[in-house]
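First the structure, in the form of structure tokens, and then the observations on it.
The values are calculated or read from the model by the stated rules, or taken from the named source; none is laboratory data. From a predicted model like this one, the values you see are computed outputs, not experimental measurements. Every residue, glycine among them, receives a Cβ derived from its backbone with ideal geometry; neighbour counts consider all protein chains shown.
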């Protein structure tokens, strides 16, 4: 093979190698930019989360405080009338997002406490946001609301289970119930997998600290 032919055979390989390196550099830059945006959005949330750590215990001992809070994705769900809503509708509020289902016994047990927590702390700055992942329409979960006398909680449903699956990918959800505490900037301060007495002293102290900041 002549030197000219050798050069021709090397050129395509070098071009492909250069293109791959350029693509990798662009990907790393994009990931870095995304991480920088998330860090900037949740910069104040890191301090908020740190103040919660001493309050974890008792009925909320299983609550995991985030070391580096990240923004919660905008999640969509349907109301009792089928009208679409999303977490963006609650922007500026501290949220306690709770995923539950009627077939989940611990979910059913903690629901009265969530209703009581909303009655006591809910308002312009705080909202308990339960989202049922039951399938087959809202009739069954709404019947459960009526059965136990829920009167302060809104009703929302995600039959697709997209919210749960997305949280599972982020290692925030492992089963039901799962509850996330989200600050007024939309950043996840922590999560709790499993039931808790959300109307108890420990939970209200934790919520109060998150709301006041």
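Of the residues making up region 64-92, those that are under 14 Å from the mean Cα position of the chain (by Cα) and closer than 21 Å to residue 131 by Cα number 14.
Taking region 140-155 as the range and being surrounded by 12 or more Cβ atoms within 10 Å (Cβ to Cβ) and either in a loop (DSSP other than H, G, I, E, B) or modelled with pLDDT under 95 (or both) as the test, the residues that pass are 150, 152, 153, 154, 155. Scan region 67-77 for residues that are in a loop (DSSP other than H, G, I, E, B) and either free of Cβ contacts under 8 Å to residues at least 12 places away in the same chain or under 17 Å from residue 98 (Cα atoms) (or both) and the total you get is 4. Within region 142-180, the only residue that satisfies the criterion of being more than 16 Å from residue 107 (Cα to Cα) and touching a helix residue (DSSP H, G or I) at 6+ places or on another chain (Cβ under 6 Å) is 152. Counting residues in region 172-184 that are in the same structural domain as residue 77 (by TED's automatic domain parsing), surrounded by fewer than 14 Cβ atoms within 10 Å (Cβ to Cβ) and part of a loop (DSSP other than H, G, I, E, B) gives one or more.
Note on region 46-66: residues that are part of a helix (DSSP H, G or I) and closer than 15 Å to residue 189 by Cα total 11.
Listed here are the residues, each with its yes/no results for (1) closer than 16 Å to residue 198 by Cβ; (2) modelled with pLDDT of 95 or more; (3) crowded, with 16+ Cβ neighbours inside 10 Å.
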{"site": "27", "(1), (2), (3)": "no, no, no"}
{"site": "32", "(1), (2), (3)": "no, no, no"}
{"site": "40", "(1), (2), (3)": "no, no, no"}
{"site": "46", "(1), (2), (3)": "no, yes, no"}
{"site": "68", "(1), (2), (3)": "no, yes, no"}
{"site": "94", "(1), (2), (3)": "yes, yes, yes"}
{"site": "129", "(1), (2), (3)": "yes, yes, yes"}
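Condition (residue is at pLDDT 95 or above, touching a strand residue (DSSP E or B) at 6+ places or on another chain (Cβ under 8 Å) and either closer than 19 Å to residue 76 by Cα or not assigned by TED's automatic domain parsing to the domain that holds residue 86 (or both)) applied to region 196-208: is it met by at least one residue? Within region 196-208, none of the residues are at pLDDT 95 or above, touching a strand residue (DSSP E or B) at 6+ places or on another chain (Cβ under 8 Å) and either closer than 19 Å to residue 76 by Cα or not assigned by TED's automatic domain parsing to the domain that holds residue 86 (or both).
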